[in-house]
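The values are calculated or read from the model by the stated rules, or taken from the named source; none is laboratory data. Predicted model only: the values in this text are computed from it and were never measured. When we count neighbours, we look across all protein chains shown, and the Cβ atoms used for this are built from the backbone with ideal geometry, even at glycine. Side chains are part of the model used for accessible areas, which takes the heavy atoms of the whole protein and leaves out ligands, DNA and RNA. Shrake-Rupley method; radii C 1.70, N 1.55, O 1.52, S 1.80 Å.
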Amino acid sequence: MRLTLTHMILIAMLIAILFGSIGNLYFSDTSFVLFSIDLSDAMGRIFLACLQLVVVPLVLVSILNAVINTHAGSSLGVIGFRSIFGYLLTTVFAISIGLLIANIFQPGFGSTLTLDIPTIEVADTPNVIDVVVGFFPTNPFRALLDGNMIQVIILALIFGLAIRSIAVKVDTWIRYIDQGNMIMFEIVDRIIKISPIGVFALIFETFATEGFGIFLPLIDYFLIVILALLIHASVTYSLLLMLFGISPIKYFKNMQEPIFFAFSTASSAATIPVTLKALNEKCGIDRSISSFVIPIGATINMDGTAIMQGVATVFIAQFYGIVLTPDQFLMVILTATLASIGTAAVPGVGLIMLTMVLGQVGLPVEGIGLIIGVDRLLDMLRTAVNVTGDGTVALIVASSEKDLDHGKFHELSSEKNK
Ligand code: ASP
């Protein structure tokens, strides 16, 4: 069997989990393991920096390119509306599954955990109007420097439409944008080629530092989040895809690389370049659609994160012996969905969103101290679900726009991995 890049990434992940866990368990204070952790931390951060470096310019030029050059320019409003609707709907499903599973298994009752109270400030729940106004950049350079995805999308739309309407006079700009797009994807290709090393470094560092011992006291909570993540990823997404005549098995196969990247980096935003590449080259989605739908998804769609918030809220309430009312459950769904719109997709942001949810339903925010220890690994898992959700909605939107190349989607994976 020929080893494809996806196989190599998977092998790197497994070896990193094995060596990292053994290092943590048996040799955690040897200078060799300490040095390996420092080295892999540095390598992992450099790898992440390479990915992050390309995100903003890639999103900017691909959307500009899409608006200027393709027919999708005229239907962007519809595409935007459908994707936002799809993202919000899947988030509501996700958090409902989290709440339901947590209520069935009741992880917090009778818990003997002791609180390790960190200093936590409650983040303010975003006000819908402020969130929407905040989408519009006042300074294009600041939007780019801050890497504010929605602002970058709006910036690209405004400039793209202007360039398109005076295309003949600004043909040099159009050529530069097109070539800029090619350069960005070339960089992404090269980063993906070295990704087994980067993925190894990121995962080795996490497992060698955290180890498995940390999960034992919280094993109930941990397994319930994983169960809810699995149900959402395998049932909700599969049903949605099947509803649109798309094979879920093929979809998961085609999305392996972004899913592994999301797991290793714990950042949907840093994974954008890889998601775009997989959707275009393996799933057959036109770039004019994916370059628009995916950055929106990476920002507002966090199904995995919403699931964690549902389970964590029930867990914390039960730990404190508080019985949540139906009103409070609805409030959790609403706040978690709203919070996911306004927050950036970077590692650990789920905990900040959780402070909003707990604050909103009147639960003690210090309860986060109970689950903070296991959050890193759950962050990796839920980011993988976040990215799978981004891709699912992108595929459905592309299919409803008749912009899905079914031939490419169904090609054999081995052919596509060449
Ligand atoms: N790390 C997640 C993401 O980037 C967000 C979170 O759950 O903390 O999608």
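Data overview
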{"quantity": "Residues satisfying the stated conditions in the stretch 262-277, i.e. closer than 19 Å to ARG382 by Cβ and away from the ligand (no atom under 11 Å from the Cβ)", "calculated": "SER264, VAL274, THR275"}
{"quantity": "Candidate set: the stretch 129-147, residues that are touching a residue at least 12 places away in the same chain (Cβ under 8 Å) and closer than 20 Å to THR343 by Cβ; chosen: the one most open to solvent (accessible area, probe 1.4 Å)", "calculated": "PHE136"}
{"quantity": "Residue that is buried (at least 23 other Cβ atoms within 10 Å of the Cβ), away from the ligand (no atom under 16 Å from the Cβ) and over 29 Å from THR206 (Cβ atoms), where the choices are ILE289, ILE246", "calculated": "ILE289"}
{"quantity": "Residue in the stretch 28-45 that is surrounded by the most Cβ atoms within 10 Å (Cβ to Cβ), counting only those that are at pLDDT 80 or above and over 19 Å from LEU202 (Cβ atoms)", "calculated": "THR30"}
{"quantity": "Pairs, first within 14 Å of ASN386 (Cα to Cα) and in contact (Cβ under 8 Å) with a residue 12 or more places away in the chain in the stretch 225-245, second among the hydrophobic types (A, V, I, L, M, F, W, C) and open to solvent by 70 Å² or more (accessible area, probe 1.4 Å), C-beta under 6 Å, six or more apart", "calculated": "THR236/PHE93"}
{"quantity": "Failed item in (1) surrounded by fewer than 21 Cβ atoms within 10 Å (Cβ to Cβ); (2) on the phi < 0 side of the Ramachandran plot, with PHE204 passing the rest", "calculated": "(1)"}
{"quantity": "Residues satisfying the stated conditions in the stretch 292-311, i.e. within 10 Å of the ligand (Cβ to nearest atom) and either more than 12 Å from VAL387 (Cα to Cα) or in contact with a Lys or Arg (Cβ under 6 Å, 6 or more places away or on another chain) (or both)", "calculated": "GLY304, THR305, ALA306, ILE307, MET308, GLN309"}
{"quantity": "Which listed residue is open to solvent by less than 20 Å² (accessible area, probe 1.4 Å) and closer than 25 Å to MET308 by Cα, from THR90, THR4", "calculated": "THR90"}
